[in-house]
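Beneath this line is the structure, given in structure tokens, with notes to follow.
The values are calculated or read from the model by the stated rules, or taken from the named source; none is laboratory data. Not measured: the values here are computed from a predicted model. Glycine also receives a Cβ, built like all others from the backbone with ideal geometry; neighbour counts cover every protein chain displayed.
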Amino acid sequence: MPALALGAALLALAPFVQAAAAPGLDARQSITALTSEQITTFTPYTWYASAGYCAASETLSWTCGSNCEANPDFEPVASGGNGDSTQYWFVGYDPTLDTVVVSHQGTDPDEILPLITDGDAVLGNLNSTLFPGVSSDVEVHQGFADAQASTASDVLSAVQTTMSKYSTSSIALVGHSLGAAISLLDAVYLPLHISDATYTYVGYGLPRVGNQAFANYVDALSASVTHINNEEDPIPICPGMSLGYVHPSGEVHIEDSGEWAACPGQDNPSTQCIVGDVPTILDGDESDHDGPYNGVTMGCSS
Ligand SMILES: *[C@@H]1O[C@H](CO)[C@@H](O)[C@H](O)[C@H]1NC(C)=O
């Protein structure tokens, strides 16, 4: 079963994630390459992230061209957004993986870079109505928080409907770019309202979303968290660590050789991982942002 296969793949990564490098240790020693089988287990999630770019009307009828055809058995339940002021999103059920799938639309490097490289990268608290009980030490990018808040209650009720209709307690959250950031906030939000579920998060080209306390909060979730970065994509190194931003653990970095490296810990500085490979935005290549991620280039091409 692919769900178990992904679980096994992620479990196989877990020892390396837990072996986060202590200061002074050579992090490179615990970086390992994913097997081709492990890489392939991500493919359905990659297509769901890409389908997040398709119009709400297309994902609701699951007629979004190649992105939809790649997961032909998907059962859509709800969708929304307008692709402009609110990113598109959709929720439904994947019978092969036996999981609810939630996907949020991303955006172009030209649109997201201004949000994460200048004065708009302001950290602040999560809305305590949506995120009851989360410590005020936890701070996140306010633009991302606003984007997540604008669809939060619709997504929550669609997930509850899907869980009940298909009798599943597994929830997969995916997205690329801004969509990866919104879905990461969903991975914090949804368990506060639906505790009896198993969460899997797979983000692509994820920018940094919050501060050290946020990264630690995400690392402490029972969710499996993976964020996949492609080659010299500059988005995942923004907003900068100098602004107080920290990535949660769970990075996988696609190297120029095509190898997928599992990078343990938060912001692993190895040159095999995004922080070491792309020290500044000038070292980045925006054209790497959309992929390809094992053959899948993000965007709706219906
Ligand atoms: C927090 O979220 C609730 C529910 O969506 C909303 O009514 C409220 O206005 C929000 N508060 C702030 C300060 O944005």
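Couple of notes before you dig in:
- Subset of segment 255-268 [over 9 Å from Glu232 (Cα atoms) and surrounded by 15 or more Cβ atoms within 10 Å (Cβ to Cβ)]: Trp260, Ala261, Ala262, Cys263, Pro264, Gly265, Gln266, Asp267, Asn268
- When Ala152, Ala181, Ala158 are screened for being more than 14 Å from the ligand (Cβ to nearest atom), more than 14 Å from the chain's Cα centre (by Cα) and buried (at least 17 other Cβ atoms within 10 Å of the Cβ), only Ala158 passes.
- Single residue of Gly299, Gly291, Gly250 found to be surrounded by fewer than 22 Cβ atoms within 10 Å (Cβ to Cβ), under 16 Å from the mean Cα position of the chain (by Cα) and touching a residue at least 60 places away in the same chain (Cβ under 8 Å): Gly299
- Within segment 116-125, one or more residues are closer than 23 Å to Ala215 by Cα, in contact (Cβ under 8 Å) with a residue 40 or more places away in the chain, more than 16 Å from the ligand (Cβ to nearest atom) and surrounded by fewer than 24 Cβ atoms within 10 Å (Cβ to Cβ).
- Asp196 surrounded by fewer than 19 Cβ atoms within 10 Å (Cβ to Cβ), acidic (Asp, Glu) and away from the ligand (no atom under 16 Å from the Cβ): yes
- Matching entry among Thr46, Thr40, Thr63, Thr59 (being away from the ligand (no atom under 16 Å from the Cβ), polar (S, T, N, Q), in a loop (DSSP other than H, G, I, E, B) and modelled with pLDDT of 95 or more): Thr63
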